[in-house]
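Sharing a structure with you now.
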Amino acid sequence: METTIEIQPDAATGRSPALPDTLCGSAPAPPFRWADWYAAAGGRTIDIAEVNSYLLQIREEQCPRFTGPVASTRREFESPEEAAAHLKEQATAFGADIVGICEIEPSDVYKGRAITEKYAIAVGQRMRWRAFQVVPSQESAIECLRVYHSLGETVIQLAEYVRSLGYACQVEHPVGDSNLMHIPIALKAGLGELGRHGSVINPKLGPLFRMGSVITSMPLAIDHPIDAGIAAFCDKCRLCRRHCPANAIPDDRSPDFGKDHLGNARYVVDTGRCFPYFAKHYYCSICLPVCIYNHKEWARDFEGHPTKLFPLVVMETPPTPVDLPEEQRHAYNRLSRD
């Protein structure tokens, strides 16, 4: 059952009170400088009660459960393969739609963060297609946060289960404040391939899902990157590019920005164009529901609600691009800009 926390608006402004940029108060500053990006884009203007409620629930109900006691008696498995299969089954029972496991490399860890765990159990959860019938919209914004909260419960419950087996572990929450980059972990764990829009596309779920993980040194068999033809499909399809109101999605791959886990040069989104639109238009998300990978077999409502195959896309004039100083941001293309 979903619960809500009512947030009382500020008496002077009538707006909901601002939540901290680091959701879990004791955590280090987030690797992505949310406060600085919002300030550069003109401040936070999206104010949706349901979104604020989910953020508050994550902060007050989930963050305190990121850690917990480890059982003194350790369950031994006959093999890493048995252990991996068992945890995948449990993760699915806790609400994951897809699960994969990979070994963590130094390049998977955000700059300034450090971990000691060896493996990441990557999990993904589908977003409800019915919430993306119009994009951007309040409904799509709320759905993004609903899944962050729901998948947060999944990774927390999985972490609690791993500890009950006698193994230490750590939660990498889908909404942020994490030590690992979710996308390279998902690619190595076989959850999909990297799309032109910079998100992972899964063969069954398409791009409309969110990711989190639990990291541990419990001996586990790992999965591997997949080649389902998705990257090749993205090379021919430019639908997300044509529907990006901020013109932030590139026409071509960028060899100067490294390779994905199949050896392809990466598509690199212009964050300086993307973020201002994201910040002003309900977190945007247009590039995800317009994707037509696999003829959109994933684009239906699995609970029986009537939906259409392609969303109504609302494209407005984009704000002026903004950039943080290079030392405060990741490297990205500055598309069609001096």
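The values are calculated or read from the model by the stated rules, or taken from the named source; none is laboratory data. What you see is a predicted model; the values in this text were computed from it and never measured. Quick reminder, even Gly has a Cβ in these numbers, built from the backbone with ideal geometry, and neighbours come from all protein chains shown. To get the accessible areas, we keep the full protein, side chains included, count just its heavy atoms, and leave off ligands, DNA and RNA. Shrake-Rupley method; radii C 1.70, N 1.55, O 1.52, S 1.80 Å.
Could you pull out every Cys in the chain that lacks a partner Cys with its beta carbon under 4.7 Å away?
Cys102, Cys144, Cys169, Cys234, Cys237, Cys244, Cys274, Cys284, Cys291, each lacking another Cys Cβ under 4.7 Å.
Ok, one more. Which net charge results for the neighbourhood of Arg113, defined as the other residues with beta-carbon distances under 13 angstrom from its beta-carbon, given Lys and Arg at +1 and Asp and Glu at -1? Don't skip to the end; give the middle numbers.
Numbers: positive: Lys111; negative: Asp108, Glu117, Glu172, Asp177.
Net local charge, Arg113 excluded: -3.
Show me the trypsin sites (Lys or Arg not before Pro) within region 72-133 that DSSP assigns to loop and that have at most 12 other Cβ atoms within 10 Å of their Cβ.
Values: sites: Arg74, Arg75, Lys88, Lys111, Arg113, Lys118, Arg126, Arg128, Arg130; in loops: Arg74, Arg75, Lys111, Arg113, Lys118, Arg128.
Passing both the DSSP loop test and the Cβ count: Arg74, Arg75, Lys111, Arg113.
Starting from the amide H of Phe209, placed 1.01 Å from N in the peptide plane, find each other amide H under 5 Å away whose residue is 5 or more places distant or on another chain.
Answer set, sorted by chain and number: Met127.
A further question follows. For the chain, what does the accessible surface come to per residue with a 1.4 Å probe? Please give it in Å².
Per residue, the chain has 47 Å² of solvent-accessible surface.
If packing is taken as the average count of other Cβ atoms within 10 Å, what order do 248-259, 325-336, 143-154 fall into, highest mean first? It would help to have the intermediate numbers written out before the result.
Values: 248-259: 15.2, 325-336: 13.0, 143-154: 21.7.
The peptides rank, most packed first, as 143-154, 248-259, 325-336.
Show me, for region 144-157, the HN-Hα J-couplings you get by feeding each phi into the Karplus relation (A = 6.51, B = -1.76, C = 1.60, θ = phi - 60°), rounded to Hz, glycine and proline as x.
Running phi through 6.51 cos²θ - 1.76 cosθ + 1.60 with θ = phi - 60° gives 4, 6, 4, 6, 4, 5, 5, 5, x, 4, 4, 5, 5, 5 Hz.
Using each residue's phi in region 234-247, evaluate 6.51 cos²θ - 1.76 cosθ + 1.60 at θ = phi - 60° and report the 3J(HN,Hα) Karplus result to the nearest Hz, with x for Gly and Pro.
5, 5, 9, 9, 10, 5, 5, 5, 5, 9, 8, x, 8, 6
Ignoring ligands, DNA and RNA, what percent of the accessible area of the chain is carbon or sulfur (1.4 Å)?
Values: 8150 of 15930 Å².
Within the chain, the accessible surface is 51 percent carbon and sulfur.
Which ³J(HN,Hα) values, rounded to whole Hz and listed in residue order, are derived for region 171-183 from phi using the Karplus coefficients 6.51, -1.76 and 1.60 in 6.51 cos²θ - 1.76 cosθ + 1.60 with θ = phi - 60°, glycine and proline given as x?
In residue order, the calculated couplings are 7, 10, 5, x, 7, x, 6, 9, 8, 9, 7, 5, 5 Hz.
I want to verify the translational diffusion coefficient of region 212-281 in µm²/s; compute it with Stokes-Einstein, Rh as the Kirkwood radius over Cα pairs, at 37 °C and 0.692 mPa s. Don't jump to the answer; show the numbers that get you there.
On the way: Rh = 14.8 Å.
Stokes-Einstein gives a translational diffusion coefficient of 221 µm²/s.
Which cross-chain or sequence-distant (5 or more) residues have an amide H under 5 Å from the amide H of Ile98, H modelled 1.01 Å from N in plane?
Gly124
Grab the DSSP H runs of the chain that are 4 residues or longer, score each as -39,500 (n - 2.57), total them, divide by all residues and round the 222 nm result to the nearest 500 deg cm²/dmol.
On the way: 8 runs with 85 residues, N = 338.
So the helix-based figure for the chain works out to -7500 deg cm²/dmol.
Once each part is reduced to its C-alpha centroid, what is the distance from region 255-296 to region 121-168 in angstrom?
Between the Cα centres of region 255-296 and region 121-168 lies a distance of 20 Å.
Another question, if that's okay. Can you pull out the GluC sites (Glu not before Pro) in region 44-98 that DSSP calls coil and that have at most 11 other Cβ atoms within 10 Å?
Working: sites: Glu50, Glu60, Glu61, Glu76, Glu78, Glu81, Glu82, Glu89; in loops: Glu76, Glu78.
Sparse-neighbourhood loop GluC sites (Glu not before Pro): Glu76, Glu78.
Continuing with the same structure: So for region 265-317, taking the charge dipole from beta-carbon charges (+1 Lys/Arg, -1 Asp/Glu), which of Met315, His281, Ala265 sits furthest toward the positive end?
Ala265
Cα convex hull of the chain: how many Å³ per residue?
Working: hull volume 49.1 nm³, N = 338.
Each residue corresponds to 145 Å³ of Cα convex hull volume.
Same structure again: Compute the Cα gyration tensor for region 72-150, then decide on rounded, prolate or oblate, letting a ≥ b ≥ c be the square roots of its eigenvalues: rounded whenever a/c is under 1.5, prolate when a/b is larger than b/c in the other cases, and oblate in all that remain. Intermediate values should be presented prior to the final figure.
Numbers: a/c = 3.04, a/b = 1.67, b/c = 1.82.
Oblate, since a/c reaches 1.5 and b/c is not below a/b.
Note the count of lysine pairs whose C-alpha atoms are less than 20 angstrom apart in the chain, limited to pairs 8 or more residues apart or on different chains.
Qualifying lysine pairs in the chain: 14.
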